[in-house]
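The values are calculated or read from the model by the stated rules, or taken from the named source; none is laboratory data. Here the structure is a predicted model, which means the values were calculated and not measured. Here the Cβ positions follow ideal geometry from the backbone for every residue, glycine too, while neighbour counts run over all protein chains shown. These accessible areas exclude ligands, DNA and RNA; they are computed on the full protein's heavy atoms, side chains included. Shrake-Rupley method; radii C 1.70, N 1.55, O 1.52, S 1.80 Å.
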Amino acid sequence: MSVIRIQGVRSLEGEIGIQGSKNAVLPVMAASLLHNGTIVIKNVPQIQDVFCMMEILEALGCECQLKQHELLIDTRRLRESQVPVRLGKQMRSSIMLLGPLLGRFHKAKTCYPGGCVIGRRPIDLHLLALRQLGADIDCEGEQITVRADKLQGTDLRLSFPSVGATENALMAAAAAKGVTRIYGAAREPEIEVLCRFLEAMGVRIDGIGGSLLTVHGGERLQDVEFRVPGDRIVAGTYLGALMVAGGELCLLGAPTDHMAGTLTALRQAGCLCKLYPDRIYARMKERPQPMDLSTGPYPEFPTDLQSVMLAVASVAQGRSRIRETVFEERFATAGELKKMGADISVEEGTAYVTGGYPLAGGEVCAADLRGGAALVTAGLASEGESRIHGYFHISRGYEDICRDLSAVGAAISLKED
Ligand code: UD1
């Protein structure tokens, strides 16, 4: 088993190239299935979730070739509409295949998806959207079967701006005849990326970036080359690392436009940021100021950075309050951070964190992807050695967190135990 080892309390200095966005590339890969032809996606991160999605697409009959960060998907021999259970269970995004498979084959089968254990993760909104577009849905045990002789454009209303449900609805609507209006759509940047990808394939979409999306479906699609943006969560993670370690970083390829909510919070906590369209220069001179943060749907502070902010708050100069409103059980990392010396108490969806510096480090285990990144962040602010287990969670979303942080001065390495 792999273990990350960190000797903390060293400042960071230098440049990190920010990998392409995980949450943008996965739905784009899924949406490729709508087309019968070839798709080239650029800036694809080499992460486990991408490898898993490639494996699923290949099991369905596609040919996938990933060279460096360019992925070619040839969907001309797509023949299967059933996602293998073993792979579907490995990640949450497998549910995203229902919409495009339904569009291509009029039927699709998958299992309840896997992914991070960060609270209740129902799929009722996904299924409701597909049903309203004309699908019959049959849930038996762990299996979900959807069928639709004809997908028909309609008015959809999402009761919560779910990212995944909006993506599934968009993809099914692209294949449906006529116009679909999605009211209450999520506004996360990854939705905009998916819309731009669908547009490039030939789907007309009005209202991109807003909460009402109008999709003109049923058009013939074309081959495309498409580039996904940098990963805003990875960029935010490395800003968090800088905030606990101090120093100066340039994050090349950070999607500044998508990070307003994050940057406002980090600046309030003392991070000095200079923004350019494709990079962020950031400097941290003192320990972070205490924070009063609440996560929420975009453009609010992203839930995916909440765990990292717990680590930042753990070394702040005072008491912080961090409220989680999206995934209620996403405070599992607090327990591990406490083992590293953090002072955190959680009450009804809110974490109260009293900062102290340095942390003690120790032996901890990542329970989910972003939680793992938070433990690494805490390790950078720990006096003793930190040993972080559960690397496979981290590798689902970070290409090589040890490479990136050691390049800017952290004493961090991945060892086989
Ligand atoms: C996506 C991201 C994830 C991020 C989350 C919120 C991907 C691969 N994952 O996850 O990293 O943390 O957005 O920004 O892009 N909900 C329902 N019913 C549904 C669907 C969701 O009640 O059918 C609820 C969930 O329980 C949760 C909330 O809606 O409380 C947000 O979930 P959602 O926006 O769907 O997140 P994901 O698409 O799963």
| remark: Over all pairs of different Cα atoms in region 22-227, the reciprocal of the mean inverse distance gives a Kirkwood radius in Å of 16.4
| For helix 48-59, what angle does its Cα long axis make with the longest principal axis of the chain, in degrees from 0 to 90 and rounded to 10? | 20
| Whose amide H sits under 5 Å from the amide H of PHE226, counting only residues 5 or more places off or on another chain, with H placed in the peptide plane? | VAL40, ILE41, LYS42
| query | If you average 1/r over every pair of different alpha-carbon atoms in the chain and take one over that average, what Kirkwood value in Å do you get? | reply | 21.7
| message | How far apart, in nanometres, would the label points at GLU347 and LEU272 be if each is projected 7 angstrom from Cα along the Cα-to-Cβ direction? | response | 3.8
| note | Karplus ³J(HN,Hα) for region 209-214 (6.51 cos²θ - 1.76 cosθ + 1.60, θ = phi - 60°; Hz, whole; x = Gly/Pro) runs x, x, 9, 10, 10, 10
| field | Peptides 301-312, 205-216 ordered by average Cβ neighbours within 10 Å, highest first | value | 301-312, 205-216
| Whole-Hz ³J(HN,Hα) from phi, Karplus 6.51 cos²θ - 1.76 cosθ + 1.60, for region 313-325, glycine and proline x | 5, 5, 10, 6, 8, x, 9, 10, 10, 10, 9, 9, 10
| request: Could you provide, to the nearest whole Å², the per residue accessible area of the chain with probe 1.4 Å? | output: 39
| said: Skipping prolines and chain starts, which residues have an amide H placed within reach, meaning under 5 Å, of the one on ARG204, given they are 5 or more residues away or on another chain? | reply: HIS216
| Averaged over all directions, how much area does the convex hull of the C-alpha atoms of region 73-153 cover when projected, in nm²? | 5.9
| message | I'd like the antiparallel share, as a percent to the nearest 5, of DSSP beta bridges with both residues in the chain. | response | 70
| field | All Cα pairs of region 6-110, percent lying beyond 24 Å | value | 27
| note | region 335-374 and region 69-146 have their Cα centres apart by a whole-number Å value of 34
| Could you give the nm distance between label points at ASP292 and LYS107, where each point is 7 Å from its Cα heading toward the beta carbon? | 5.7
| query | Counting only DSSP beta bridges with both residues in region 303-417, what percent are antiparallel, rounded to the nearest 5? | reply | 65
| Using a probe of 1.4 angstrom, how much of the accessible area of region 22-227 is carbon and sulfur, in percent? | 43
| remark: Residues whose modelled amide H sits under 5 Å from the amide H of GLY270, counting only those 5 or more places away in sequence or on another chain, are GLN289
| Whole-percent pair-distance distribution, where bins are 10 Å wide, for the alpha carbons of region 173-253 | 17, 35, 23, 16, 8, 1
| Longest span of the chain, sites excluded, free of GluC sites (Glu not before Pro) in DSSP loop with at most 10 other C-beta atoms within 10 Å? | 1-285
| Using r as the Cβ-Cβ distance of SER2 and SER211, and R0 as 30 Å, what FRET efficiency do you calculate, to the nearest 0.05? | 0.10
| Note, ³J(HN,Hα) from phi for region 333-346, Karplus 6.51, -1.76, 1.60, rounded to Hz, x at Gly and Pro | 5, 4, x, 6, 4, 4, 4, 8, x, 6, 9, 10, 10, 10
| remark: Over 27 Å (Cα to Cα) among LYS285/LYS338; LYS22/LYS274; LYS338/LYS415; LYS107/LYS177; LYS22/LYS89; LYS109/LYS150 -> none
